[in-house]
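Written out below as structure tokens is the structure these notes cover.
None of the figures in this text is laboratory data; all of them are computed from the coordinates on show. Please read these numbers as outputs of a predicted model, since none were measured by experiment. Cβ: placed from backbone, ideal geometry, glycine included. Neighbour counts: every protein chain shown.
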Amino acid sequence: MLLIAPSIVFMTLLFGWPMVSGILQAFGGPEGLTTANFTRMAQDPYFWASVGNTLLLIVVMIPIQFVLALAMALLIRAKPRGSSVYFYIWAIPLAVSDLAAGLVWLTVFTDRGYLNSVLASVGLEPFSWLAYDNYASMFMAVLIAEVWRATSLVFVIVVAGLQSIPKDYEEAAGVFGAGFWDRLWHVTLPLLRPSLQTALILRTILAFQTFAVALALTGQNFPLVVGETYRWYTGLQDANVASALALVVMAVSMVTAVGYLKLLKDQSEAPR
Amino acid sequence: MADISIKGLKKTYPGSTELATNNVSLDVAEGEFMVLLGPSGCGKTTLLRMVAGLDFPDEGSISIGGRDVTYLPPQDRNLSMVFQSYAVFPHRKVRTNIAFGLVMKKVPREELEKKVAWAADLLQLTPYLDRYPAQLSGGQRQRVAVARAIVMDADVLLMDEPLSNLDALLRLDFRAELKKIVQQLGSTTLYVTHDQVEAMSLSDRVAVMKKGQIAQLGHPITVYEEPADRFVGGFIGSPPMNFLEGRVTQQGALEVAGQSTEAPEFLARSAARSGGLPVMVGIRAENIYLEDRGTPGTLDATVEVVEPLGHATLLTVDLGGQTIKVQVASTVRVSSGEKVGLRFDQAAIRFFDTETQLGLTA
């Protein structure tokens, strides 16, 4: 007890106490505990739009990121010339802050940005990619920026996972007649399951928190849930509703994580 | 079933200047059990991997059943293999592990189930079919690996040190079982091991490898009794063959450790021509007999260490400054420090060239 006391104190001060006070704030009102904050949150015109945008982003983005990350990791595993260089290049976005990434992509997609310059130079009409009435192009811009920024996390986890799989399994599969796709489907992916699970949980939770990239690219035109939290807190100066929103994000994240763990449960390590 | 024909295989691993296999040629007949034997790093596993298609040679060719497979990927070679690490898929139950190759070959379900049941029965895995590998012992996992290989009806069965991860007792049991199974199947088998007892007991022929080359190829008893060079004699047998520096004089006497006996005719002749011939005398521990000191035809020696092994007694003996091993029956009573006479079984003595280390024969 004495030995773990420092960590208990730290956890309480830095994790437990803020969480409890956040929860209290979410249910807090002038006349004691209330659910009014949640009602206000749900009645806000931006709320359901932000929920929809966040879910759409997750549903479209995560499969793309996993396919890309897996393809990149398998390429690295095949050890082409300079594979270690590729690894570092593909891992770079990990080190870029999301706001910076958003600003970089803003220079690409903004009205007088690189993309439109390229279009103009080949004689095409420039296009207002980030205009609020072009929902599809706005979504694509946020999607591309997020894919660029956050795929490397999945990639690094998958590379680490692949490295922990002995080559013997794939070689055995090959000897027993499995081609590339059979090996991938019947051997590599199942053995990669723990890594994919980790990456999926991390990536989904982080995707619920996507914020800075969309803010930098579109301002409030493409609202996301965490962006709404920020708007309630700074713009509307209502910490209670902001806390309520944050609490919803946390609850959804937790439910998702548990759902993934249940869904991707590994049978082979079941007790005897 | 098919024969394997390997011609002039050369392979260098990236980042290494040494040849992993140096111009290896080997023919394995249909239905033959061929063992590749050698110390680690001799190229035996590399050779097996090239036959499997897991590595490709820089030069040379491999054909299986008359079909050139040198650069085909493993899945197009119709072979099966038992890996040293077993490589039993941890995420599949025993049943689906055994069936893996059959599923890949799209064998009809009924036939597949029949074959899996047959292999499971043969390897006593029937009660474990619905378990995961993590719930099996090492020996059982090994059986799964073998079962997965034998259901394939492949042209060629490859085994890469399949017994090396089993404990000694299990290894002994499974060795005999493996021999029985492979004899039943009658498949062409290429088996890699560094264990000379395994090689002797399993093989129809054994290829002893050294530094990427085949040092000797032959029937196991031939390789044991007539090693082609000093390396083979020293590698095969436990204890390994004794080597003594000696000399055949111009008069046709064999001098060993300052004592002389009669030299065989062919050596006496060449020694007479060259005016004396230095030789390396090779003799196995069990071909040396203990006699009383001074018996005619024996060499004077002193016993240094006595190691009773149960089935026999192993002696370490000093023979004029050279140390050799002598194996005597366990009934022989002898103690260390005892002065004895050694009689070599003349028919079992082998001679090697001191320069090339190659065996000298008539």
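Pick from A:THR34, A:THR210, A:THR54: which residue has the top mean-square fluctuation in a GNM of chain A where Cα pairs under 10 Å get a spring?
Among A:THR34, A:THR210, A:THR54, the largest mean-square fluctuation in the Gaussian network model of chain A belongs to A:THR34.
Per-residue ellipticity at 222 nm for chain B, helices alone: DSSP H runs ≥ 4 residues times -39500 (n - 2.57), over residue total, nearest 500 deg cm²/dmol?
Taken over chain B, the calculation gives -7500 deg cm²/dmol.
Pull out a ≥ b ≥ c, the square roots of the eigenvalues of the alpha-carbon gyration tensor of segment B:34-110, then state rounded if a/c is under 1.5, prolate if not and a/b is larger than b/c, and oblate in the remaining case.
oblate
Among the lysines, which have Cα under 25 Å from the Cα of A:LYS265 when same-chain residues fewer than 8 positions away are ignored?
Hits, sequence-local ones excluded: A:LYS167, B:LYS93.
For a protection proxy built on the mean count of beta-carbon atoms within 10 angstrom, sort B:268-275, A:146-153, B:213-220 highest first, please.
A:146-153, B:213-220, B:268-275
Counting each DSSP H run of 4 or more residues in chain A as -39500 (n - 2.57), what helix-only mean residue ellipticity at 222 nm follows after dividing by all residues, to the nearest 500 deg cm²/dmol?
Counting only the DSSP helices, I get -21500 deg cm²/dmol.
I need the shape label for the protein assembly as shown. Rule: rounded when a/c is under 1.5, else prolate if a/b > b/c, else oblate, with a, b, c from the alpha carbon gyration tensor.
prolate
Could you tell me what % of all Cα pairs in segment B:230-362 have separations over 22 Å?
Value for segment B:230-362 (Cα pairs over 22 Å): 35 percent.
Compute the relative contact order of segment B:228-362 as a whole-number percentage, counting only Cα pairs closer than 8 Å that sit 6 or more residues apart in sequence.
Relative contact order, segment B:228-362: 26 percent.
Determine, from the Cβ-Cβ distance of B:ASP292 and B:LEU170 and an R0 of 45 Å, the FRET efficiency 1/(1 + (r/R0)^6), rounded to the nearest 0.05.
0.50
Where in chain A are the helices, taken as whole DSSP H runs, whose Cα atoms extend 24 angstrom or more along the long axis and whose Kyte-Doolittle mean reaches at least -1.0?
Those that clear 24 Å and a mean of -1.0 are A:45-77, A:135-163, A:239-263.
Need one word for chain A: rounded, prolate or oblate. Basis is the Cα gyration tensor (sqrt eigenvalues a ≥ b ≥ c); a/c below 1.5 gives rounded, then a/b vs b/c decides. It would help to have the intermediate numbers written out before the result.
Numbers: a/c = 2.20, a/b = 1.19, b/c = 1.85.
It comes out oblate by the Cα gyration axes.
For A:VAL156, what is the net charge nearby, where nearby means another residue's Cβ is under 14 Å from its Cβ and Lys, Arg count +1, Asp, Glu -1?
On the way: positive: A:ARG77, A:ARG149, A:ARG203; negative: none.
Summing Lys and Arg as +1 and Asp and Glu as -1 gives +3.
Please list, by residue number, every one of the trypsin sites (Lys or Arg not before Pro) in segment A:56-134 that is coil in DSSP and has at most 15 other beta-carbon atoms within 10 Å.
On the way: sites: A:ARG77, A:ARG81, A:ARG112; in loops: A:ARG81, A:ARG112.
In loop regions of segment A:56-134 (DSSP not H, G, I, E or B), the sparsely surrounded trypsin sites (Lys or Arg not before Pro) are A:ARG81, A:ARG112.
Just subtract the alpha-carbon distance of B:GLN213 and B:LYS106 from 0.36 nm times their residue separation and send over the number in nm, one decimal. All intermediate terms of the calculation are to be shown ahead of the outcome.
Numbers: separation 107, 0.36 × 107 = 38.52 nm, distance 3.92 nm.
Working it through step by step, the gained length comes to 34.6 nm.
A 22 angstrom limit on the alpha carbon distance is what I want to check against. Which of B:LYS105/B:LYS179; B:LYS211/B:LYS325; B:LYS7/B:LYS106; B:LYS106/B:LYS180; A:LYS79/B:LYS11 exceed it?
Beyond 22 Å between Cα atoms: B:LYS105/B:LYS179; B:LYS211/B:LYS325; B:LYS7/B:LYS106; B:LYS106/B:LYS180.
Given DSSP loops and a limit of at most 14 other Cβ atoms within 10 Å, what is the longest stretch of chain B that contains no such GluC sites (Glu not before Pro)?
No qualifying site falls inside B:31-354, the longest such stretch.
How many angstrom separate the Cα center of segment A:12-30 from the Cα center of segment A:123-149?
Between the Cα centres of segment A:12-30 and segment A:123-149 lies a distance of 38 Å.
For the pair B:ALA312 and B:GLU18, what calculated FRET efficiency results from E = 1/(1 + (r/R0)^6), where r is the Cβ-Cβ distance and R0 = 45 Å, to the nearest 0.05?
That gives a FRET efficiency of 0.70.
If I fit a long axis through the Cα atoms of helix B:138-150 and take the longest principal axis of the Cα atoms of chain B, what angle between them do I get, 0 to 90°, rounded to 10?
Taking Cα atoms only, the helix is inclined about 70 degrees.
Tally Lys/Arg at +1 and Asp/Glu at -1 over every other residue whose Cβ is under 15 Å from the Cβ of B:GLU255; what's the total?
Neighbourhood net charge equals -2.
I need to check one value: relative contact order of chain A, counting alpha carbon pairs closer than 8 Å and at least 6 residues apart, in percent.
Computed value for chain A: 28 percent relative contact order.
Grab the alpha carbons of chain B, take their convex hull, and tell me the volume per residue in Å³.
167 Å³
Of B:THR261, B:ILE288, B:PHE243, which is farthest on the positive side of the dipole of segment B:242-360, counting Cα position, with +1 on Lys and Arg Cβ, -1 on Asp and Glu Cβ, and the Cα centre as origin?
B:THR261
Calculate the spin-label point distance for A:LEU99 paired with A:TRP185, positioning each point 7 Å from the Cα along the beta-carbon direction, and give it in nanometres.
Each label point is offset 7 Å from its Cα along the Cβ direction, giving 4.7 nm.
What does the net charge come to around A:VAL51 if you take all other residues with beta carbon closer than 12 Å to its beta carbon, with K and R at +1 and D and E at -1? List each step's numbers first, then the result.
Numbers: positive: none; negative: A:ASP44, A:GLU228.
Residues near A:VAL51 contribute -2 overall.
Report, in degrees rounded to the nearest 10, the 0 to 90 angle that the Cα long axis of helix B:109-122 makes with the longest principal axis of chain B.
Compared with the principal axis, the helix lies near 30 degrees.
Segment B:329-347 to segment B:13-74: how many Å between their Cα centroids?
When both Cα centres are located, 45 Å separates them.
Who wins for biggest fluctuation among B:ASP155, B:ASP68, B:ASP292 in a Gaussian network model of chain B, springs between alpha carbons below 10 Å?
B:ASP292
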